[in-house]
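Comments concern the structure below.
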Amino acid sequence: MSDDRQSRPLPQDVPPQAESEPPTAPHAPRRGRFWVVATAALLLISGATAGAGWGWRALAAEAESQAHRELVAASTSLGDVTDRRGAAIDKARATLQSLSGFSAQPRPDYLPEATATALSDAQATLTKTSKGLTYTPFDAPDVPVGSPDLMPWSVSADVQHTLELAKQERATQRARAAELKTLTSAQKALTASALAVSGDLAAHGEQVLTADTSATYESKVALRHAIDDGKADGSGAAVVDGTRLLRVISAIDGVNATQAAGEAAKQDPAYPVRAQMEAYARSIAHGVTLDVEWHEKVSGLGEGWYSGTTLYHEDDGGCATIDLNFSLQEGWADGDVNAKALITHEVGHAQVVRPECKTLFDGPTFHRDDEMWATAWAIAMGFDVPGSGIEAYGRPSDQQIAVAGQCR
């Protein structure tokens, strides 16, 4: 039996293939895998570049910020020392100008030479120290914190410029601080010397106030104020004032002058009678301090006339200066009641410095009429005579006399 199966050849375009092998992948998918890898690589490179960019920005910002902080600190320090130096220069000029008048005056005998010399030396030192110095204002530079771009060379240039400005300002600050220190030291020495002069003058003035018993109260009040004003400022600023020092000297000399005049008056042959009249005036003054002066003419009236004036002050505890002409002492010696009445009239003027009497004087009865008040007061004191003021100003009303009588 013959086999009718025949061998047929396979098509030539189909290669033999084992059934267990999977079909081979086409070539196109291999090219796609390459581009995926390339894209991923590019993304990694871009990320690294961006990270480097952000890092540079942070470093640049920190460098610029640090440089700017240094410049601000230097500017602040320089601005402060500049202002204080300027104030010290102004103070030195003012102090030296103030003391120029005092320095031009001869040294009084009662001011110790050593104290005066120390002040003169301190003035010379401050003059030398401040010579040629002027106030130079400082305006902090307007430097932006960051560069307009972040290119490395721009950032580097800006940082270097800012740091250089800070360096220059610190150098200027050190120079001005040194000048300020020298000025402050010289000013302090001058203040101490002026305090010593003021202290010596005040101490002598206190002795004068106690010892010069024949000096006028008015001159002593002036000295009292001059001494106290020199002590008004505990910091010493008040005494570094040539005007105040001169005022103390002038007041001391004023007390000494009235002391000499008072002593000379005691040598006048008329003094015993004048002393009686002054003692009477003070005895009825109710504690008001009186200075009494004597002149040939008062208010233009001399021989043959009784004349007097009174200048009163409500300050300093209340005081008055009474001026009498020589004719009054003759009338007093002769026992003329009008002479005594006129003195009483003048003391009456002084009574208005007493609080209890000032109310009456200011009130509706007198309306601060000085002459009518003094006349009424003299009459209330028992002198209803022409010399009480009646002849010159007329007679007050009974009500005025009664009201003035309450001031006793």
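The values are calculated or read from the model by the stated rules, or taken from the named source; none is laboratory data. Owing to the predicted nature of the structure, the values given are computational and were not obtained by experimental measurement. Reconstructed Cβ throughout: ideal geometry from the backbone, glycine too, with neighbour counts over all protein chains shown. Surface accessibility is based on the protein's heavy atoms, side chains included, excluding ligands, DNA and RNA. Shrake-Rupley method; radii C 1.70, N 1.55, O 1.52, S 1.80 Å.
Counting Lys and Arg as +1 and Asp and Glu as -1 over every other residue whose Cβ lies under 12 Å from the Cβ of R107, the net charge comes to -3. K128: which lysines have alpha carbons under 27 Å from its alpha carbon, excluding same-chain residues fewer than 8 sequence positions away? Counting by Cα, and skipping residues close in sequence, K128 has these lysines nearby: K91, K181, K188.
Dimensions of segment 319-375 along the principal axes, based on C-alpha atoms and rounded to the nearest Å, stand at 39, 21, 15, largest first. Sorting the segments 370-381, 307-318, 322-333, 81-92 by their residues' average number of neighbouring beta-carbon atoms within 10 angstrom, most packed first, yields 370-381, 322-333, 81-92, 307-318.
When the accessible area of segment 219-319 is computed with all protein chains present and a 1.4 Å probe, what percentage of it is carbon and sulfur? Spell out each step's value before the answer.
Numbers: 2770 of 5300 Å².
Answer for segment 219-319 is 52 percent, counting heavy atoms of protein chains only.
What's the extension gain from V337 to V72 if we count 0.36 nm per residue and subtract their Cα-Cα distance?
Numbers: separation 265, 0.36 × 265 = 95.40 nm, distance 8.93 nm.
My answer for the length gained is 86.5 nm.
Rounded to the nearest whole Hz, the Karplus-based 3J(HN,Hα) values (6.51 cos²θ - 1.76 cosθ + 1.60, θ = phi - 60°) of segment 321-329 follow the sequence 10, 9, 10, 10, 8, 5, 4, 5, 5, with x at glycine and proline. Under the simplified labelling scheme, the K181-D229 pair shows an inter-label distance of 4.0 nm, with each label point 7 Å from Cα along Cα→Cβ.
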